[in-house]
Every structure is written in structure tokens, then in C-alpha cells.
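Visitor: Encoded as C-alpha cells, here's the structure I'll be asking about.
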């Protein structure tokens, strides 16, 4: 199989357009950090898990220990939040449980008091 100069020129154009498109895409913004406390009826959640569900699909989670959690890197945006653990009402384990938060650039403190 032989390639002509015309074939090579077209291939060069296609590669150049693909690389140019890739270089102009903004990088994902993962500069947000989230930490906070989770309590159930006023008492810290001893052990559990918190998950931040993005509308775009990614799910980021952390272990909850003694009521505290921390997420060092998170995209900026709106998230529905689910919490699992001993004593947590079942409705908070569902994405439609009503926990919705906005994560901003930089450090965010987001506390939950589940009843």
C-alpha cells in the first residue's frame, strides 16, 4: 500500500486539527476542596460514607469517621449528596433525598445535620 503526497497532506491536516482542538479544550477544574461534619439527630455519625453525585456523572466519595469527612479534590459545580451509615435515615441514601450542594473554587465547608 502506497501513500501519495495528497494522502499525507490530508493526514497532516486532520492531525493538526485534532491536536489544535485538544489544546484549546479547558482543563477540568479540580481545585475545590470539601470538608465538613455529618451528624444524625445532633450526634456525630460514628462511621459512614458520603458521596457527591455530579449531574455530569462523576461520583466522588469519602469515609466519615467520628462525624468528619474530607475530599481533597472535587470538580466545581452542583452535587446531590448521599450519606450511608448506622442510624442515617434511609432517605439520605437516595440521590433524591433532598441533599443538594454547590461546590465553589477553593476550600468549602459543608456540614449536614440529618434528622
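Where a number appears in this text, it was derived from the coordinates with a stated rule and is not lab data. Just so we're clear, the structure is a prediction, and the values are computed from it rather than from any experiment. Cβ sites come from the backbone with ideal geometry, for glycine too, and all protein chains shown count toward neighbours.
Visitor: If you check residue 76 against the conditions, is it in contact (Cβ under 8 Å) with a residue 40 or more places away in the chain, within 14 Å of residue 35 (Cβ to Cβ) and within 17 Å of the chain's Cα centre (by Cα)?
Guide: No: the conditions fail for residue 76.
Visitor: Between a first residue in region 92-106 that is on the phi > 0 side of the Ramachandran plot and a second residue that is in a loop (DSSP other than H, G, I, E, B) and surrounded by fewer than 15 Cβ atoms within 10 Å (Cβ to Cβ), which pairs have beta carbons less than 7 Å apart while being 6 or more apart in sequence or on different chains?
Guide: 106/31
Visitor: Continuing with the same structure: What are the residues in region 47-62 that are surrounded by 15 or more Cβ atoms within 10 Å (Cβ to Cβ) and either free of Cβ contacts under 8 Å to residues at least 40 places away in the same chain or closer than 11 Å to residue 36 by Cα (or both), if any?
Guide: Matches in region 47-62: 49, 50, 51, 54, 60, 61, 62.
Visitor: A further question on this structure: How many of the residues in region 81-98 are buried (at least 19 other Cβ atoms within 10 Å of the Cβ) and within 17 Å of residue 56 (Cα to Cα)?
Guide: 2
Visitor: Across region 63-80, what is the number of residues that are buried (at least 18 other Cβ atoms within 10 Å of the Cβ) and at positive phi?
Guide: 1
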